[in-house]
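Asks: Dumping the structure here so I can ask a few things about it.
The values are calculated or read from the model by the stated rules, or taken from the named source; none is laboratory data. What you see is a predicted model, and the numbers here were worked out from it, not measured in a lab. With ideal geometry, Cβ positions are generated from the backbone for all residues, glycine too; neighbour counts draw on all protein chains shown.
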């Protein structure tokens, strides 16, 4: 994977038409290379607004090719979240309702860009939509991202856990409470056990 990232970094100026060709390839490595290039381009502080939109549009229209957790996690924060930061975010709520697990994962993972700007509201709103999701790839994503949001606003994390800890999937809860102190962890784990 390190070799693939290094190779992708050497092609950060690749035209989007060629990136799209890579996304259309059946090979996992080619598609992962494509999302890495998209991520590198989206992270460029000098990127024109038009290119940001083109990257976002390509991600959304070709989402069926972005079909593993690591492809989503690699590219969604900057390609999707970075683009939407100063724009309406309705698309994330639409993705959160998608029957496609990777689109639902994109909805929550994209909010990482917002979290880094101390903007955690959408993370918790989307987490609430996904808190009863049946897929383990959503359990880990929601748990991880509410944990990260909780580093910026612990009270919002505690409020979320107070409402959901007893019914949320165990994996999601474990990820969400990972950075809390021992007593807080035990409180939420015990409450869940009692409910079960």
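Asks: Inspect all residues belonging to region 149-163 and state whether any of them is closer than 19 Å to residue 84 by Cβ and either touching a residue at least 12 places away in the same chain (Cβ under 8 Å) or not assigned by TED's automatic domain parsing to the domain that holds residue 73 (or both).
Replies: For region 149-163, residues closer than 19 Å to residue 84 by Cβ and either touching a residue at least 12 places away in the same chain (Cβ under 8 Å) or not assigned by TED's automatic domain parsing to the domain that holds residue 73 (or both): present.
To keep it simple, each residue is scored yes or no on (1) closer than 16 Å to residue 75 by Cα; (2) more than 21 Å from the chain's Cα centre (by Cα).
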| residue | (1), (2) |
| --- | --- |
| 3 | no, yes |
| 11 | yes, yes |
| 22 | yes, yes |
| 27 | no, yes |
| 40 | yes, no |
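Asks: Can you pull out the residues in region 9-37 that are under 20 Å from residue 48 (Cα atoms) and outside any loop (DSSP other than H, G, I, E, B)?
Replies: 9, 16, 17, 18, 19, 20, 34, 35, 36, 37 - these are the residues of region 9-37 that are under 20 Å from residue 48 (Cα atoms) and outside any loop (DSSP other than H, G, I, E, B).
Asks: Now, a different point. Being assigned by TED's automatic domain parsing to the domain that holds residue 11 and without any contact (Cβ under 8 Å) to a residue 60 or more places away in the chain: is that true of residue 44 here? Break it down stepwise before answering.
Replies: Details: assigned by TED's automatic domain parsing to the domain that holds residue 11: yes; without any contact (Cβ under 8 Å) to a residue 60 or more places away in the chain: yes.
Judged against the criteria, residue 44 is a match.
Asks: Among the residues of region 38-51, which ones are surrounded by fewer than 19 Cβ atoms within 10 Å (Cβ to Cβ) and in a helix (DSSP H, G or I)? Give the derivation first.
Replies: First, the residues of region 38-51 that are surrounded by fewer than 19 Cβ atoms within 10 Å (Cβ to Cβ): 43-51.
Correct list: 43, 49, 50, 51.
Asks: Right, another one. Please verify whether residue 24 is surrounded by fewer than 16 Cβ atoms within 10 Å (Cβ to Cβ) and touching a residue at least 40 places away in the same chain (Cβ under 8 Å), treating the condition exactly as stated. Quick ask: steps written out before the conclusion?
Replies: Numbers: surrounded by fewer than 16 Cβ atoms within 10 Å (Cβ to Cβ): yes; touching a residue at least 40 places away in the same chain (Cβ under 8 Å): yes.
So residue 24 passes the test.
Asks: What pairs come out if I take residues in region 120-132 that are within 15 Å of residue 166 (Cα to Cα) and pair them with residues that are assigned to a loop (DSSP other than H, G, I, E, B) whose C-beta lies under 6 Å away, six or more apart or interchain?
Replies: Listed by first residue and then by second, the contacts come to 131/168.
Asks: Hey, another quick one. So which residues in region 106-131 are surrounded by fewer than 18 Cβ atoms within 10 Å (Cβ to Cβ) and farther than 16 Å from residue 93 by Cβ?
Replies: 116, 117, 118 - these are the residues of region 106-131 that are surrounded by fewer than 18 Cβ atoms within 10 Å (Cβ to Cβ) and farther than 16 Å from residue 93 by Cβ.
Listed here are the residues, each with its yes/no results for (1) at pLDDT 95 or above; (2) more than 23 Å from residue 35 (Cβ to Cβ).
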site	(1), (2)
105	yes, no
114	yes, no
118	yes, yes
128	yes, yes
134	yes, yes
142	yes, no
146	yes, yes
161	yes, yes
187	no, yes
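Asks: Still on this structure, I have one more. Please work out if residue 46 is modelled with pLDDT of 95 or more and over 17 Å from residue 109 (Cα atoms). I'd like the intermediate steps shown before the answer.
Replies: Working: modelled with pLDDT of 95 or more: no; over 17 Å from residue 109 (Cα atoms): yes.
Spelling it out, it is not the case that residue 46 is modelled with pLDDT of 95 or more and over 17 Å from residue 109 (Cα atoms).
Asks: What are the pairs, 6+ residues apart or on separate chains, where a residue within region 3-17 that is in the same structural domain as residue 54 (by TED's automatic domain parsing) has its Cβ under 6 Å from a residue that is exposed (fewer than 12 other Cβ atoms within 10 Å of the Cβ) and at pLDDT 90 or above?
Replies: none
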